[in-house]
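The values are calculated or read from the model by the stated rules, or taken from the named source; none is laboratory data. Quick caveat, the model's predicted, so the values are computed rather than measured. All Cβ positions, glycine included, derive from the backbone under ideal geometry; neighbour counts span all protein chains shown. Just so you know, the surface numbers come from the protein's heavy atoms only, side chains and all, with ligands and any DNA or RNA stripped out. Shrake-Rupley method; radii C 1.70, N 1.55, O 1.52, S 1.80 Å.
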Amino acid sequence: MLSFIWKDNEKKFREMIEKLPVKYGVDFNIPDEIKTPLRAYVTFDGSIIEYEVYIKEILPKDVKSDYNRTTKGVQAILVIERADKVNLNVKDIEPVGKKQGSKVQKFMLINIEEEAPKIPEKFRKLNKMEEKIHELLASMKKSLPDNIVEELSSRIIKFNLNDDEIRAVLEETVKDFEKSMVDPHEAVGIVAAQSIGEPGTQLTLRTFHYAGVAEVNITKGLPRLIEIVDARTKPSTPTMTIYLEDSIKNDQEKVEIIAKKIESIEMIDIADVEINVSEMTITIVLDREKMAKRRITKTQVMDALKRIKHQGLSINEEDDNIIISLEEPSYKRLYNLSEEVKNLLVSGIKGIERAIVKYEEAQKEYRIYTQGSNLKAVLEMDGVDPRKTTTNDIMEIYEVLGVEAARNAIIDESIRTLEEQGLNVDIRHIMLVADMMTFEGTVEAIGRHGVAGKKASVLARAAFEITSKHLLQAGLLGESDGLRGVAENIIVGQPITLGTGAVNLVYKYPEKKR
Amino acid sequence: MMGDEIKKRINSLNFALLSPDEIRKMSAVKVTTADTYDEDGFPLDRGLMDLHMGVIEPGLRCKTCNGKVDECPGHFGHIELAMPVIHVGFVKEIKDILDATCNSCGRIKMKDEELEVYRPILEKTILNGEETLESTSIVNRIIDEAAQRTVCPHCGAEQYKITLDKPTTFRENGRKLSAKEIRERFERIPDKDLIFLGINPNSARPEWMILTVLPVPPVNVRPTITLETGERSEDDLTHKLVDIIRINQRLRDSKDSGAPQLIIEDLWELLQYHITTYFDNQTSGLPPARHRSGRPLKTLVQRLKGKEGRFRSNLSGKRVNFSARTVISPEPFLSINEVGVPEEAARELTVPIPVTPFNIEKLREIVRRGPNPKGEKYLPGANYVIKQNEKGMRQRILIMEKNAEEIANKLEPGWIVERQLMDGDVVLFNRQPSLHRMSMMAHRVRVMKHRTFRFNLAVCPPYNADFDGDEMNLHVLQSEEAKAEARILMAVQEHIRSPRFGGPIIGGVHDHITGMFMLTYMNPKFTKEETLHILSYVKYDKLPDPVIENGKEYYRGKDIFSLILPKDLNIEYKSKICDGTGCKECVFEKCPYDAYVMIKEGRLITGTIDEKSIGAFKGILLDKISRDYPPDVAAQFIDNFTRLAVGVISFRGFTTGIDDTDIPEETKIQVDLILNDAIEATKTYIDAYQRGILQPSPGKSPEETLEDNIMRVLSDAQKKAGEIASKHLGLENPSVIMARSGARASMLNLSQVAANIGQQAVRGRRINRGYLGRTLPHFRKGDLGAYAHGYVRSSYKKGLTPLEYFFHAMGGREGLVDTAVRTSRSGYMQRRLINALEDLKVTDNDGIVIDTTDNIIQFKYGEDGIDPTRSKGGKPVDFDSIFQKVLGERYLSAKRGGK
Amino acid sequence: MVSKMRKINVMEHELVPEHHLISEEEEKKLLQDLGTEKESLPKIKRNDPAIKMLERIYGPIRPGRVIKIIRKSPTSGKYIAYRVVTEE
């Protein structure tokens, strides 16, 4: 699907999209190669794309149209089906077409995507044995999850079972599986919370205890688990594990280069920044030694300085010093500017403080471990494997990869934290917590600001952390508590609606014999 | 018949605001006097303790319902306020409404067309008493929008800015808005506008947020306390009400007598203050009202809030009757399902038994015994009998020796006998902190002499109980339903496996493991006498086949052990004493160290039974039995091996002494050499560092590299020294038996006693803190050596030097502090998790997990629908077991070959 | 200075499961099988990176549509979940 931009009259456009679908005449020519269906982007002021329009068909110009943008010079009629609000920067799209002369063409061909991105399939096809097993199960009117079938299949093949034995094994497996299933009405939430909370007393509080490992200091144990459960925006020790592309993951040099590239270096790491108030200047004294150690060139410094967005600046070079002068004398601006210069990113990716290369024996490859995290930028870097590279910052994962990825990250991080301390907690409990935290499509904390605070019951919220006052207010304005949860039933003094309380026993009198 | 009451369920609770009319209607008396009692000590009429509002003294009757102290529930009264007062809890809402509505016509300051858009959504939620994210945000937007309009779109009147002086003063354009004016404005707001303000017109009108009548809580909500000295002390709330009435009276008098405006306003403000503090004495911006003693008063909000407040301390958790608490002590010969209850406790705790024609004779006998039966053997008596008397009311009759016979004869079906606890009764046994559901389990009672609760040691892990003075609680179940649920769902044997990780949590600890080890390691021989003695502790079918040697009959340990195994059990695995380091290749059942356990058809063929077999968390044998066999088989197995272990160990004897850690001189010299080398290596590193030639590791500074190296060198030395010492500590040594079998301690502990303790660490580093530039004044500044930073060279046996002792204490202290802080932080996290997840349950629709509003949290529990308790360490199915069952030996030998 | 930026397909990342847009008929059947309403389903935001990726294939996806998610499950191998799209 190709897309192109066209500029339009705001009022008319908005009127038009109120009654879709519509046939819309345009006064520019659409090349024949372009095939429908097709998407176009509409800007009004030329720099922000505000609408995405879905064009189903392109009709020849003499077909009657519902809305004529210009009466003469109609070159094509577009059948527009949908129009959605978006917010894109025109500059984000690399134009491929040419500007003709000094007049900007009314449309630009952009971003030729020959095919839409594919949804990668993450599951392999079943092998013959697995299919056979599925058939047998179907004939028994039973089913088993895929990974059990997989395991069975590999063992059956390895130990060479005959058909009778296969059947027997399947029957036994189904029996064992069904015996182990969870009972209906089981109070699964409480069990999960207890199973995670109880070993908490065995988690260390200490976050350190790195005796001589050449790695970064990472929060572990109880504080880390609390961070995860609180959905903290930034963990106290953000870190990334960067995997490299297959082509370079065994090449130490290349990996080192990438590590150096992403390690962020700020101006103060390689220079002294002095303020001269009387002359309203900032002097940057470059430290050649530090620059050499970090392999920074002066050009990089100059390029970085170009990124400062301030008016009235002039930058002059004097041997190893760079002088920035402010035209308008203003102490405040001078100070702000000096801070900006000090923290200016000269090289590397913002947020990555340290990048260390480590060789992993088990997988025979090099990896980069960082102190600091910037998932988006790192994934986009050449040489980095964008499939496996990850971070421990859950919120970043949510923003860059989506809520499902965040859910998996929560589970992975939590399991890791517990296993590191030698604690074994069934993953199903953690899954339940992760599912609760991501139910709303975002990552919510466990606690009164998130999951617990949104409970439907007035009494439950009142009994939890929140000041009773808050909730009595909301309650008094007409709320009704349906007494469906655990806390409220305990307060009221009746059996809870879980477990045995979810069921009513009825005694059936025996039939009276006539 | 007794117990005919139909049990009803409360379906829902609706909240609403009280209107002044309702308050007056529900009031039993109009309170006008600020005094409480008269000279005789009698409650004053129209006073705050008026008998219309309830009784607190026994002997007096309530004037409203004529009930006595225990019958009358208390009744509200009311106070007519001289002037309207703002209810402090609604200040935010009042401000919002003032901002959003017109000051003259009372409508919301937005055009009808703008508002009507939102009507359908708001009607769906607010009129039904619900509050969604959407509805709240709409209401907030409306209020924000309307607040900005300076001209009313309906009547055109000019609007002014409203400010709030905390906590209860409103100003319009600087001029103070009195409560009366606000009330008048609110009265003008039409019902149909209310939903746009977030108020449900069916349950509240905004003017009700300004009080004109104050309800007075019944007397039993704020009772008078009589101190030991005979003086009467009024409750805090009563004190506050006294203040309120006094000021209210003065205000009324001033108004009536035409006093100057200023005085009236002053009194009005004072009244507002008193009423505000009456509701919430911790209102920000207001000085709290205090007692004469200086202590702030505890008023309504304080009664509800926080951990000690009504919700958390009296509603979500309560003190209960029919409970007991005492110290616990071990009793190896009880079944895991039983609990030993002291006789004194059993006589107080009763179970209500309804009398039926089937049990009436038995019960008569019990009642006849009275509350204190005599005799050596404990026999349950009865303490109370409950019957319905002529008036149809329940009557509880105390049984005493003199009326016991009479009552026993009068017993009829329909009565209830509260009989004392006896063997077999179902009780709940609990240890706090109750961190998981296994902290409270159902046990069967065994009434015993002496004054502690007793239970089988294998049950210690789930309770996390030890016997250093711990106390535990007992609850006696009172209804048949409860007893049935407890017996079936909460029994100890149902909880042998933990939901946390799908493995056994009840199992062998300490001496159990030692005992089993001694019974089975290298298959010791026992004479017939010895065998019979050991087996006298367990139930068994018949003696195993003996082994004849030199004409005498011997029985082998493994065969004795096999007597308690289920007959069709087949399993094999490596035991704990297999440390995997000695052998190049495993020879499985031919293991010379007897470290490969093989059980066929219920017989132990090879291998040693230790922690890996029957231990509480790691026991593979226990795991299999608890999974493949019903709970009572598993319980029986645990009962048996605990008894057997006790039998073996008390028969064989087991002791330990310091000589367990003796190592020969040559070994000591070897250890010394190793440690010397390590110290030298340390010095070399330090020297290199000081001369600046130390090679830093990648990414680390020279200091960090130095520390890393030193710690590594010393740690390696400790390990090596330990290994050398361990070579001389063999399995005849009791301490080694305990360490190797997994009963208690580890080889690390032993090596620390025998050879060398090692480096102490605080925060993961060598000891650093102390004096300036050095840890202690005994060292020079800048000394980086091993001894200067917490290296303890001595062994525990040798004894620590004073400096070593000091550093060791520093390291140890860190651990203790860590534990102390950890418990509270982890407890808080557990509380939040529980609170957030407590309502989730599995439906009967294909394993879907839902919450209270039927939201689908998981489409299938755990993504596969498997209960973690029933899983095998997280895996739903035990493949090995299945394949073994179907293929038999072929599978096992193939696995062994492929291992 | 970073090297050339490239656009990544978030769906390829290990942590991201397969997301698919289901048709309105399939939606109806799903709700019928579950016996519930759309509001009870777990949610996913319109501006979720995975949804944005899907939009490049299917075009704009309005709130109210249902996404079928096929996860690699550590317990069952394959697990199917659904999320309903909500406003940003």
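Quick notes
- Test: residue in the range B:313-328 that is closer than 21 Å to B:S479 by Cβ, touching a Ser or Thr at 6+ places or on another chain (Cβ under 9 Å) and open to solvent by 30 Å² or more (accessible area, probe 1.4 Å): yes
- Among the residues making up the range B:574-611, those that are open to solvent by 70 Å² or more (accessible area, probe 1.4 Å) and among the charged types (D, E, K, R) are B:K574, B:K576, B:D579, B:K584, B:E585, B:K590, B:E601, B:R603.
- Among the residues making up the range C:43-67, those that are open to solvent by less than 10 Å² (accessible area, probe 1.4 Å) and of a type outside the set (D, E, K, R) are C:I44, C:A50, C:I51, C:L54, C:G59, C:I61, C:V66, C:I67.
- Filtered residues of the range A:378-389 (kept if within 7 Å of chain C (Cβ to nearest Cβ) and out of contact with any Asp or Glu (no Cβ under 7 Å at 6 or more places or on another chain)): A:L379, A:E380, A:M381, A:D382
- Evaluation of A:T201 against (1) outside any loop (DSSP other than H, G, I, E, B); (2) modelled with pLDDT of 90 or more; (3) open to solvent by 20 Å² or more (accessible area, probe 1.4 Å) (one fails), failing number: (2)
- The residues in the range B:16-33 that are more than 14 Å from B:V219 (Cα to Cα) and assigned to a loop (DSSP other than H, G, I, E, B) can be counted, and the count is 6.
- Of all residues in the range A:152-172, those satisfying the criterion of being within 14 Å of chain C (Cβ to nearest Cβ) and surrounded by 17 or more Cβ atoms within 10 Å (Cβ to Cβ) are A:L152, A:S153.
- Residue pairs meeting the criteria (Cβ under 6 Å; at least 6 apart or on separate chains; first within 14 Å of another protein chain (Cβ to nearest Cβ), in the range B:303-330; second of a type in the set (K, R) and open to solvent by 60 Å² or more (accessible area, probe 1.4 Å)): B:R303/B:R310; B:L304/B:R310
- Condition check for C:I70: surrounded by fewer than 18 Cβ atoms within 10 Å (Cβ to Cβ), hydrophobic (A, V, I, L, M, F, W, C), closer than 16 Å to A:V403 by Cα and under 10 Å from the mean Cα position of the chain (by Cα): yes
- Elements of type helices (runs of 4 or more DSSP H) contained in the range B:433-536, each with 3 or more residues being without any contact (Cβ under 8 Å) to a residue 24 or more places away in the chain: B:480-485
- Against the numbered list (1) under 21 Å from A:E380 (Cα atoms); (2) facing another protein chain (nearest Cβ under 8 Å); (3) open to solvent by 40 Å² or more (accessible area, probe 1.4 Å), C:G35 comes up short only at (1).
- Note on the range B:86-205: no enclosed strands (runs of 3 or more DSSP E) hold 2 or more residues that are under 49 Å from the mean Cα position of the chain (by Cα) and of a type in the set (D, E, K, R).
- Some residue of the range C:9-20 being modelled with pLDDT under 90, assigned to a loop (DSSP other than H, G, I, E, B) and more than 14 Å from chain A (Cβ to nearest Cβ): no
- Contacts under 7 angstrom Cβ, first residue in the range B:620-643 being assigned by TED's automatic domain parsing to the domain that holds B:R870, partner in a helix (DSSP H, G or I), 6 or more apart: none
- Residue count for the range A:457-493, restricted to those that are modelled with pLDDT under 80 and out of contact with any Leu (no Cβ under 6 Å at 6 or more places or on another chain): 13.
- When B:I97 is tested against (1) buried (at least 22 other Cβ atoms within 10 Å of the Cβ); (2) farther than 27 Å from B:D243 by Cα; (3) more than 14 Å from every other protein chain (Cβ to nearest Cβ), exactly one condition is not met: (3).
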